[in-house]
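S.K.: Have a look at this one before I ask anything.
The values are calculated or read from the model by the stated rules, or taken from the named source; none is laboratory data. Computed from a predicted structure; not experimentally measured. We place every Cβ from the backbone using ideal geometry, glycine too, and count neighbours over all the protein chains shown. We work out accessible area using only protein heavy atoms, side chains counted, and drop any ligands, DNA or RNA first. Shrake-Rupley method; radii C 1.70, N 1.55, O 1.52, S 1.80 Å.
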2 protein chains.
Amino acid sequence: MTTLSDSYPAPTNTRGAPYPRVHPDGSITFQLKAPGARRVQVQPGGMDNGLGSEPYDMTRDAEGVWTRTIPSGVPGFHYYWFVVDGLAVNDPGSETFFGYNRQTSGIELPEGPEVAAYYHPQAVPHGDVRLRWYWANTTQSWRRAYIYTPSGYDTDLDKRYPVLYLQHGGGEDERGWTTQGHMNFIMDNAIAAGRAVPMIVVMECNYACEPGQSAPPPVVSLVRTRPPRLSQVITRLIVDDLISMVDGSFRTLTDRTNRAIAGLSMGSCVALQTALHNLDLFDTIGVFSGPPLGDEDDVGMVAAAGGPMDDAAVFNDRVHLLWFGAGTGEPREWGITQRRLVELDEAGIYYTYWETPDVAHEWLTWRRCLNEFVTLLFR
Amino acid sequence: MTTLSDSYPAPTNTRGAPYPRVHPDGSITFQLKAPGARRVQVQPGGMDNGLGSEPYDMTRDAEGVWTRTIPSGVPGFHYYWFVVDGLAVNDPGSETFFGYNRQTSGIELPEGPEVAAYYHPQAVPHGDVRLRWYWANTTQSWRRAYIYTPSGYDTDLDKRYPVLYLQHGGGEDERGWTTQGHMNFIMDNAIAAGRAVPMIVVMECNYACEPGQSAPPPVVSLVRTRPPRLSQVITRLIVDDLISMVDGSFRTLTDRTNRAIAGLSMGSCVALQTALHNLDLFDTIGVFSGPPLGDEDDVGMVAAAGGPMDDAAVFNDRVHLLWFGAGTGEPREWGITQRRLVELDEAGIYYTYWETPDVAHEWLTWRRCLNEFVTLLFR
C-alpha cells in the first residue's frame, strides 16, 4: 500500500510540481487534470523502458483529474508521456528532455543514494559544461556543442587535456549526455576520485545535413526494427569542423592517443564510422549499447566496417582500445554485442567488453558505461 | 493570400518539424494531428503577446489534422500552446521554453535580418555560456548558474572582467536569457563592435527557498494583476552564495564599480531589492519592463525601496546608473515606468530612461533593452 504522505515529487519535475510522485517502494503516481478528456493513459517510452511498454489507463475523479499509480520499475531515467484521447502530450509537471525527435516528459526513478552517488553532484571540484556556438563549413550553418571542461581548466593554465568525443543516441541531441545522462557529475566524481584523468568531453548533435538539404528525417524508429542509416555528413562535420574548432580554441592534446570517441546506441555507429575511417585521429572507440553498423546483420561487423578491421594485426596495433558495453536488460543490443564478440574473437581483434546487470536500452545503462569507460582512457 | 510553398518552418521548431510555418507576410500556420479531438485551438501566451491574446479555433480535415493560419503579429519570441478539448498541450513540432512555470512551446517570428542581426550569431568571436553547478548554503542545495564568459576569457589570462548579474522574469528560469533571449549573441556582437566592454554575465534562477521549505509557488499570475511577492531568500542567495562563487572561480573585478545587476519584469524587482540594500556590492541597476516593487502602487517607488532612495544626494552619489527600459507596446509596465520617472524627477534622483517602440511584455523588448543597457556598463 502506497500513500501520498510518504511520497515525493520526482527529481525530474519542474519546480513545485507535485506530480509525478515517487513512493518509497518505487511505484509512481502520475496525475493530469483533463476534465474534457474521455480517456487518458500514461505511456512509458521505448521498448524496454523500465516502466514497461504498454500504456496504463488512468482513472478520472469527479473534478476531471486523472490519476494512475504504476508499479516500481527499473531505476534511472525514463521517457514517458500521456495519451489523451489518442493524442500524445507532455506532462506539464515534468521537465522536458529531447528524445524521439521531440521534447518529451521524463522521470528519474531514484536508485539508492550510495549506488547513484557517481552521477549526482558531490562535494568535489566541478567542471563546467560550456555551450559553444561555432560555424561549420560542412553544413554551412551555426551549430552548438556542449563541451565539458574539467575543474582546474581555468587555473592550470600550462596543462593541456585529452579529449573524448561523446555521441548521443537516435532521436536525441547534444543536450542528452548532460541533461539525461548527468555526464558532468560522472566526470567530476571520476576525476576527483582519480578514477579518470582530467579530460575535455565534447558533445555535438549527430544530425547534420549539407547546405540545401532539408533537415534529415529521424534515423531510428521507435521500434528499432532496422539499423540506423547514418549520413556521412556527421563524420565530415566531426573531422573537418568540430575537431579543428575544439583543438583551435581549447588547450587540448592533439595527437591521436589523446583523442577518443564513444557513443550510445546510434551514436556508437557514428563513433565507429568516424574513428574506423579516421584512425589518424582516434585510437580509442567506445560502443555503448550498439546497434548493427550498416549492413552488419548480413555481412558481419568486420565486413560492415569496410576495410579498417580486415587485418587484425594492423587493427590491433593501431587501435589502443575498442570497448563494448551493454546492459543485460536490453536483449537486442546485448545480443548484437555478444555476436560481435564471437566474430571479433574469431577474427583475432582485441576488444574490452563490459556489461551491467538488468538495465535496459536507457540512460542508466549509458551512465554506467561512461563511468566505466572513462577510467580506461588516456592512461 | 499565403501559400505553403513560400513559407518555412519557424526557427524555434525542432529539427525537421514542418510546422509551425512562417509565411513571407509574417502570418503563421499552426498544425496538429489530433484525430480524436473535438475542438482544437492555438493559444498565444501572455496578455500582450504579439500574436494576440484570444485563442484561435483550428479547422479539422478528414484525417484529423487541425490547421490554422493566424495574421502576422509583432516579431520576436512568443510563447504559445494548443488547447485540445480544454487541455493545454505543447506543440510536438516546437522546442520547449521554460515559461509560465512549465515547459511551453514557443515561436520566433523573424524580423528583417538587418534589424535582427544583433541577436543572431555573426562572424565575430563568440563567448561561451557555461553551465556551472554550485552548492548554495542559503538553500542547502546544489544549484545551476548560466555564466557567459566573453571571447578571450580563455586566452587573455592576465585580464579580469566586470560582472553583470542578469535576472529572468516570472515563471521563467536561469535558461531564459540564453534560450529565449539570445543574450550570448547580443553580448558577442556588442563586444565585437566595441559597443560593450568584455564582461561576464551571470544568470541564476530567481526562485529559491530555505531548507525545509517546499518549492515556492509561482509568484506571477498569468494576468499580472498584482505585484510579484518576492522572497528575500533570492537576495541572500545572490549576496552570500552566488557572488562569492563567481568571484572565487572566475577572473572577475570585485569592486562595486565593476558589478551590475539587471532584470526583466519580476527579475527587475530582484535586481532592485538586491542592489538597493547592498550598495556596497553594486553601483549599477537595470530595470527592464519593471512591475511595481512591493507596495509601490500605494506608497511610491522611493518609499517602497525602504530607505536607500530617501536621500537623493546620497543615492545619486552612490548609484552610478539607474536604468529603466520598456516597450511602448506593454501598457502596464510602460505606464508604471512613466509614473516612476515622474516620482524620481520630483525626488531629484538621477536615472536613464530608454524605450523601444511597439514591442510588448515579451523577449524582443528585453533583447533590445539588454543590447542598449550593456553599452553603458563599466565605462
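S.K.: If we keep just the residues of the stretch A:73-109 that are assigned to a loop (DSSP other than H, G, I, E, B) and modelled with pLDDT of 95 or more, which is farthest from the chain's Cα centre (by Cα)?
M.R.: Ranking the candidates gives A:Asp85 first.
S.K.: Pick from the stretch A:160-192 the residues that are in a helix (DSSP H, G or I) and in contact with a strand residue (DSSP E or B) (Cβ under 7 Å, 6 or more places away or on another chain): which of them is farthest from A:Ile243 (Cα to Cα)?
M.R.: A:Thr179
S.K.: For the stretch A:287-302, give me the residue count where each residue is crowded, with 20+ Cβ neighbours inside 10 Å and either hydrophobic (A, V, I, L, M, F, W, C) or not in a loop (DSSP other than H, G, I, E, B) (or both).
M.R.: The number of residues fulfilling the criteria is 6.
S.K.: Taking the stretch B:38-54, which residues are within 14 Å of chain A (Cβ to nearest Cβ) and either under 25 Å from the mean Cα position of the chain (by Cα) or open to solvent by less than 10 Å² (accessible area, probe 1.4 Å) (or both)?
M.R.: Listed by number, the residues that qualify are B:Val40, B:Gln43, B:Gly45.
S.K.: Considering only residues that are acidic (Asp, Glu) and under 23 Å from A:Gly93 (Cβ atoms), which ones fall in the stretch B:173-203?
M.R.: Within the stretch B:173-203, B:Asp173, B:Glu174 meet the criteria.
The rows are residues; the columns are (1) in contact with a Phe, Trp or Tyr (Cβ under 8 Å, 6 or more places away or on another chain); (2) closer than 27 Å to B:Trp366 by Cβ.
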| position | (1), (2) |
| --- | --- |
| B:Gly26 | no, yes |
| B:Pro35 | no, no |
| B:Arg38 | no, no |
| B:Leu51 | yes, yes |
| B:Asp57 | no, no |
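S.K.: Exactly one of these conditions fails for A:Val115: (1) farther than 21 Å from A:Thr14 by Cα; (2) within 13 Å of chain B (Cβ to nearest Cβ); (3) open to solvent by 40 Å² or more (accessible area, probe 1.4 Å); (4) within 22 Å of the chain's Cα centre (by Cα). Give me its number.
M.R.: (2)
S.K.: Filter the stretch A:132-153 down to the residues that are facing chain B (nearest Cβ under 9 Å) and open to solvent by less than 20 Å² (accessible area, probe 1.4 Å), then identify the one that is nearest to A:Asp241 (Cα to Cα).
M.R.: A:Tyr134
S.K.: Check the stretch B:257-265 and report whether any residue there is in contact with an Asp or Glu (Cβ under 8 Å, 6 or more places away or on another chain), surrounded by fewer than 17 Cβ atoms within 10 Å (Cβ to Cβ) and part of a helix (DSSP H, G or I).
M.R.: Yes, the stretch B:257-265 has at least one match.
S.K.: Does the stretch B:303-316 contain at least one residue that is of a type in the set (Gly, Ala, Ser), at pLDDT below 95, part of a loop (DSSP other than H, G, I, E, B) and buried (at least 16 other Cβ atoms within 10 Å of the Cβ)?
M.R.: No: zero hits.
S.K.: Next up: When you scan the stretch B:93-109, do you find a residue that is at positive phi, out of contact with any Phe, Trp or Tyr (no Cβ under 6 Å at 6 or more places or on another chain) and either surrounded by fewer than 19 Cβ atoms within 10 Å (Cβ to Cβ) or more than 14 Å from every other protein chain (Cβ to nearest Cβ) (or both), even just one?
M.R.: no
S.K.: Let me ask something else about it. Just a yes or no: is a residue in the stretch B:205-223 open to solvent by 50 Å² or more (accessible area, probe 1.4 Å), away from chain A (no Cβ under 14 Å), at pLDDT 95 or above and more than 20 Å from the chain's Cα centre (by Cα)?
M.R.: No, the stretch B:205-223 contains no residue that is open to solvent by 50 Å² or more (accessible area, probe 1.4 Å), away from chain A (no Cβ under 14 Å), at pLDDT 95 or above and more than 20 Å from the chain's Cα centre (by Cα).
S.K.: Consider B:Leu321 carefully, then state whether it is closer than 22 Å to B:His168 by Cβ, surrounded by fewer than 19 Cβ atoms within 10 Å (Cβ to Cβ) and touching a strand residue (DSSP E or B) at 6+ places or on another chain (Cβ under 8 Å).
M.R.: Against the criterion (closer than 22 Å to B:His168 by Cβ, surrounded by fewer than 19 Cβ atoms within 10 Å (Cβ to Cβ) and touching a strand residue (DSSP E or B) at 6+ places or on another chain (Cβ under 8 Å)), B:Leu321 qualifies.
S.K.: Follow-up question, since we're still on this one. Right, B:Phe77: without any contact (Cβ under 8 Å) to a residue 60 or more places away in the chain, aromatic (Phe, Trp, Tyr) and out of contact with any Lys or Arg (no Cβ under 6 Å at 6 or more places or on another chain) or not?
M.R.: In short, no.
S.K.: Being in a loop (DSSP other than H, G, I, E, B) and open to solvent by 10 Å² or more (accessible area, probe 1.4 Å) is the filter; apply it to the stretch A:353-371 and report the residue that is farthest from A:Tyr100 (Cα to Cα).
M.R.: A:Pro357
S.K.: Collect the residues in the stretch A:87-102 that are without any contact (Cβ under 8 Å) to a residue 24 or more places away in the chain and over 19 Å from B:Phe98 (Cβ atoms), keeping them in residue-number order.
M.R.: A:Leu87 - this is the single residue of the stretch A:87-102 that is without any contact (Cβ under 8 Å) to a residue 24 or more places away in the chain and over 19 Å from B:Phe98 (Cβ atoms).
S.K.: I would also like to ask the following. A:Pro18 - would you say it is farther than 18 Å from B:Val84 by Cβ and either open to solvent by 10 Å² or more (accessible area, probe 1.4 Å) or assigned to a loop (DSSP other than H, G, I, E, B) (or both)?
M.R.: For A:Pro18, the condition - farther than 18 Å from B:Val84 by Cβ and either open to solvent by 10 Å² or more (accessible area, probe 1.4 Å) or assigned to a loop (DSSP other than H, G, I, E, B) (or both) - is met.
S.K.: Being over 25 Å from A:Gly171 (Cα atoms), assigned by TED's automatic domain parsing to the domain that holds A:Val359 and over 13 Å from the mean Cα position of the chain (by Cα) is the requirement here; does A:Leu272 meet it?
M.R.: For A:Leu272, the condition - over 25 Å from A:Gly171 (Cα atoms), assigned by TED's automatic domain parsing to the domain that holds A:Val359 and over 13 Å from the mean Cα position of the chain (by Cα) - is not met.
S.K.: Is it true that A:Ala10 is at pLDDT 95 or above, aliphatic (A, V, I, L, M), under 23 Å from the mean Cα position of the chain (by Cα) and closer than 17 Å to A:Asn90 by Cβ?
M.R.: Taking the combined requirement at face value, the residue satisfies it.
S.K.: Please enumerate the residues belonging to the stretch B:22-37 that are within 18 Å of B:Ser94 (Cα to Cα), in a loop (DSSP other than H, G, I, E, B) and more than 14 Å from every other protein chain (Cβ to nearest Cβ).
M.R.: Within the stretch B:22-37, B:His23, B:Gly26, B:Ser27 qualify.
S.K.: Look at A:Ala190 and say whether it is open to solvent by less than 50 Å² (accessible area, probe 1.4 Å), under 26 Å from B:Pro125 (Cβ atoms) and in the same structural domain as A:Ser244 (by TED's automatic domain parsing).
M.R.: So A:Ala190 does not fit the description; no.
S.K.: Let me ask you something else. Go through the residues of the stretch B:164-178 one by one and say whether even a single one is open to solvent by less than 10 Å² (accessible area, probe 1.4 Å), in contact with a Leu (Cβ under 7 Å, 6 or more places away or on another chain) and over 25 Å from A:Arg175 (Cα atoms).
M.R.: Yes, there is a match, as at least one residue in the stretch B:164-178 is open to solvent by less than 10 Å² (accessible area, probe 1.4 Å), in contact with a Leu (Cβ under 7 Å, 6 or more places away or on another chain) and over 25 Å from A:Arg175 (Cα atoms).
S.K.: Has the stretch B:61-72 got at least one residue that is of a type in the set (S, T, N, Q), within 10 Å of another protein chain (Cβ to nearest Cβ) and not in a strand (DSSP E or B)?
M.R.: no
S.K.: Between residues in the stretch B:232-250 that are within 16 Å of B:Gly267 (Cβ to Cβ) and in the same structural domain as B:Asn137 (by TED's automatic domain parsing) and residues that are acidic (Asp, Glu) and open to solvent by less than 30 Å² (accessible area, probe 1.4 Å), which pairs lie under 6 Å by C-beta distance while being six or more apart or on different chains?
M.R.: What qualifies is B:Leu242/B:Glu204.
S.K.: Across the stretch B:118-131, what is the total count of residues that are outside any loop (DSSP other than H, G, I, E, B) and either more than 10 Å from chain A (Cβ to nearest Cβ) or buried (at least 24 other Cβ atoms within 10 Å of the Cβ) (or both)?
M.R.: Going through the stretch B:118-131 one residue at a time, the tally reaches 3.
S.K.: Let me ask something additional. Within the stretch B:325-352, how many residues are in contact with a helix residue (DSSP H, G or I) (Cβ under 9 Å, 6 or more places away or on another chain), among the polar types (S, T, N, Q) and surrounded by 15 or more Cβ atoms within 10 Å (Cβ to Cβ)?
M.R.: The number of residues fulfilling the criteria is 0.
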